[in-house]
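Visitor: Provided herewith is a single structure, encoded as structure tokens, for subsequent inquiry.
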Amino acid sequence: MSEHAVVIVGGGPTGLMLAGELALAGVDVVVVERRPSQELAGSRAGGLHARAIEVLDQRGIADRFLEQGQVLRAAGFAMIPLDISDFPTRHNYVLGLWQNHIERILAEWVRELEAPVHYGSEVVGFTQDDDGVDVLLSDGRSLRAEYLVGCDGGRSLIRKTAGIDFPGWDATTSSLLAEVEMAEQPELGMRRDAVGVHGIGRVEYEIRGGQVVFEDHGPVRVMITEQRPGATTEPTLRDLSEGLVSVYGTDYGIHSPTWISRFTDMSRQAAAYRDRRVLLAGDAAHVHSPAGGQGLNTGVQDAVNLGWKLAQVIKRASPDSLLDTYHAERHPVAARVLRNTMAQVALGRTDERTNALRDTVAELLGMDEPRRRIAGMLTALDIRYDLGEGHPLLGRRMPDLDLVTADGPRRVFTLLHDARPVLLNLGEPGGIDITPWADRVRSIGAGYAGTWELPALGAVEAPAAVLIRPDGYVAWVGDATQAGLTDALTTWFGPPAAAAPTPA
Ligand SMILES: Cc1cc2nc3c(=O)[nH]c(=O)nc-3n(C[C@H](O)[C@H](O)[C@H](O)COP(=O)(O)OP(=O)(O)OC[C@H]3O[C@@H](n4cnc5c(N)ncnc54)[C@H](O)[C@@H]3O)c2cc1C
């Protein structure tokens, strides 16, 4: 039986991100993935929102995604465009990039970090005891881990085996989604009718002048809202053909599907993200409609919240109660995603009364404050973890400021590339001493002359110092005094190292 600190089940976006985070922290981690390779049949999710791009930037890998994607200046709420070009972030846009490419780039990063991914390997069960977890594979082998993380998607075997409830709401809509060839030129774009919204587009596209411009040939991505939700069989080419005929009067001669799937607006969330040594992240912990494109983004950010905490517990720097903050912080975030996707599905209905409601909401979202509020939520730039009362930065993402340091100009995010916490002293040089945490927390003195502006909140008072967690969230804000710093360091990064014995 091979032994690892962490076994991750599932090498989708969440599992890969978590593997990268743990490998950066020097933790012995292995990913077990049932697919024979990283290859993903079909394009699935369509892109990345601002905060997810920021967390990739915090690790120095955002450019890899930006080079291959398409930039769109607006996020969409129930398909109502929300311009985010005035948001105070370097990534004030949505990056259009299909999930198969996102996974490929993440997998390359994980390979560079030498975290192994065992493809073609399926987990069929596990048992946990006080010291670890035995993970059973379909070929009869087993693995032993200190912690097991289920990143195994919406039908998560890990969640079910752990007996974690998955309460929520059944589907009210269902759509076929496929990639096919078409003998005839289809009508590209969206169409609304009494059944719902449908769409046809080429997989390959460019964004020009804020508009999606499809290639004039190549595979076609089709989405058809079904007349009735609740089908239990796997969708076929025939289902798709019939669906197209019912909406467009023709199936455009579809043939050669590479991928046919069905998605719904079922909305469910794990009641607990942790059962002792077993944790859940990504779709294993929450499923909802793809409206607004938030699922993959939320999973990647679950991973970034969990990774450094798990690493510290494994290294015995922090007690295992630190892992409870993962549920405390991330459960409310996904609960909010469930609510906003349910609202978007409701607004997406196509009867006259809902059309009137959507027009009214669109009018409201044309106003500055509502646009900023809702776009802040969709992009996840507005997240505030509840770290108590205090400065508005507390619990919020640290902005990527241009600093002046003794070593020259530095962006804040570059200080987080190695996923270690940072104490940023913007006040009197050398004024803060964190020697007992020097093995875990990097202390940097810097100057910053600009204004401090937070998305959805606006300008905030400049702090004298900030303690930044490896996930980029602010754990402590200093004024002229250092009140609360020792507590914050201990809470997030463990007790101080024992003082070295004084020589006799
Ligand atoms: C049509 C559609 C459009 C979407 N659009 C967007 C979008 O624009 N933006 C967005 O953010 N999200 C979007 N999503 C959601 C997004 O695809 C998911 O949220 C995302 O894939 C979740 O990632 P994950 O890693 O948590 O789970 P998954 O991607 O489901 O990965 C789970 C992995 O675990 C593996 N696995 C499962 N069970 C086992 C086992 N027992 N043993 C070993 N391996 C196992 C699976 O093979 C899989 O690779 C969309 C989804 C759909 C269906």
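Visitor: Out of (1) acidic (D, E); (2) surrounded by 15 or more Cβ atoms within 10 Å (Cβ to Cβ); (3) over 22 Å from M79 (Cα atoms), the odd one out for D216 is which?
Guide: With respect to (1) acidic (D, E); (2) surrounded by 15 or more Cβ atoms within 10 Å (Cβ to Cβ); (3) over 22 Å from M79 (Cα atoms), D216 is out only on (2).
Visitor: Could you please let me know if R411 is open to solvent by 60 Å² or more (accessible area, probe 1.4 Å) and touching an Asp or Glu at 6+ places or on another chain (Cβ under 6 Å)?
Guide: So R411 fits the description; yes.
Visitor: Quick check on region 82-91: of everything there that is more than 16 Å from the chain's Cα centre (by Cα) and crowded, with 18+ Cβ neighbours inside 10 Å, which residue is farthest from G196 (Cα to Cα)?
Guide: T89
Visitor: Moving to a separate point now. Take residues that are farther than 28 Å from D368 by Cβ, of a type outside the set (K, R) and touching a strand residue (DSSP E or B) at 6+ places or on another chain (Cβ under 8 Å) and tell me which of the helices (runs of 4 or more DSSP H) falling wholly in region 1-87 contain 3 or more.
Guide: 13-24
Visitor: Taking the stated definitions as given, is A334 in contact with a strand residue (DSSP E or B) (Cβ under 6 Å, 6 or more places away or on another chain) and part of a helix (DSSP H, G or I)?
Guide: yes
Visitor: Considering L279, L310, L244, L240, which residue is farther than 30 Å from Y93 by Cα, more than 17 Å from the chain's Cα centre (by Cα), of a type in the set (A, V, I, L, M) and within 16 Å of the ligand (Cβ to nearest atom)?
Guide: L240
Visitor: Moving on. Step by step: first the residues of region 41-51, then only those that are among the hydrophobic types (A, V, I, L, M, F, W, C) and within 18 Å of the chain's Cα centre (by Cα), then the one that is most open to solvent (accessible area, probe 1.4 Å). Which residue is that?
Guide: A45
Visitor: Being among the basic types (K, R), within 15 Å of the ligand (Cβ to nearest atom) and open to solvent by less than 60 Å² (accessible area, probe 1.4 Å) is the filter here, so list the residues in region 139-181 that pass it.
Guide: R159
Visitor: Continuing with this model, one more query. Could you list, in sequence order, the residues of region 258-272 that are at pLDDT 95 or above, more than 17 Å from A171 (Cα to Cα) and out of contact with any Pro (no Cβ under 7 Å at 6 or more places or on another chain)?
Guide: Selection gives A272 alone.
Visitor: Let me ask another. Could you identify the single residue in S261, S321 that is near the ligand (Cβ under 9 Å from one of its atoms), polar (S, T, N, Q) and surrounded by fewer than 19 Cβ atoms within 10 Å (Cβ to Cβ)?
Guide: Criteria check complete, one pass: S261.
Visitor: Here is a further query. Name the one entry in L424, L416, L403 that is modelled with pLDDT of 95 or more and more than 18 Å from A462 (Cβ to Cβ).
Guide: L416
Visitor: Still on this structure: Read through the list (1) in contact with a Gly (Cβ under 6 Å, 6 or more places away or on another chain); (2) surrounded by fewer than 23 Cβ atoms within 10 Å (Cβ to Cβ), then give the number of the only condition that V94 fails.
Guide: It fails just one condition, (2).
Visitor: Please go through region 119-138 and give me each residue that is within 13 Å of the ligand (Cβ to nearest atom), of a type outside the set (G, A, S) and open to solvent by 50 Å² or more (accessible area, probe 1.4 Å), ordered by number.
Guide: Y119, E122, V124, L136
Visitor: Hey, another quick one. For region 444-461, does any single residue satisfy the condition of being among the acidic types (D, E) and in contact with a Pro (Cβ under 7 Å, 6 or more places away or on another chain)?
Guide: yes
Residue-by-condition table, conditions (1) in contact with a Phe, Trp or Tyr (Cβ under 8 Å, 6 or more places away or on another chain); (2) more than 16 Å from the ligand (Cβ to nearest atom); (3) open to solvent by 20 Å² or more (accessible area, probe 1.4 Å); (4) hydrophobic (A, V, I, L, M, F, W, C):
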{"residue": "Q294", "(1), (2), (3), (4)": "no, no, no, no"}
{"residue": "G299", "(1), (2), (3), (4)": "no, no, no, no"}
{"residue": "K315", "(1), (2), (3), (4)": "no, yes, yes, no"}
{"residue": "A335", "(1), (2), (3), (4)": "no, no, yes, yes"}
{"residue": "R349", "(1), (2), (3), (4)": "no, yes, yes, no"}
{"residue": "E352", "(1), (2), (3), (4)": "no, yes, yes, no"}
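Visitor: Taking A74, is it closer than 30 Å to T350 by Cα, surrounded by fewer than 24 Cβ atoms within 10 Å (Cβ to Cβ) and more than 13 Å from the ligand (Cβ to nearest atom)?
Guide: In short, yes.
Visitor: Only one of E103, E21, E54 is in contact with a Pro (Cβ under 7 Å, 6 or more places away or on another chain), open to solvent by less than 10 Å² (accessible area, probe 1.4 Å), modelled with pLDDT of 95 or more and within 15 Å of the ligand (Cβ to nearest atom); which?
Guide: So the residue among E103, E21, E54 that is in contact with a Pro (Cβ under 7 Å, 6 or more places away or on another chain), open to solvent by less than 10 Å² (accessible area, probe 1.4 Å), modelled with pLDDT of 95 or more and within 15 Å of the ligand (Cβ to nearest atom) is E103.
The values are calculated or read from the model by the stated rules, or taken from the named source; none is laboratory data. Not measured: the values here are computed from a predicted model. Neighbour counts are summed over all protein chains in view; Cβ atoms, including those assigned to glycine, are modelled from backbone coordinates with ideal geometry. Just so you know, the surface numbers come from the protein's heavy atoms only, side chains and all, with ligands and any DNA or RNA stripped out. Shrake-Rupley method; radii C 1.70, N 1.55, O 1.52, S 1.80 Å.
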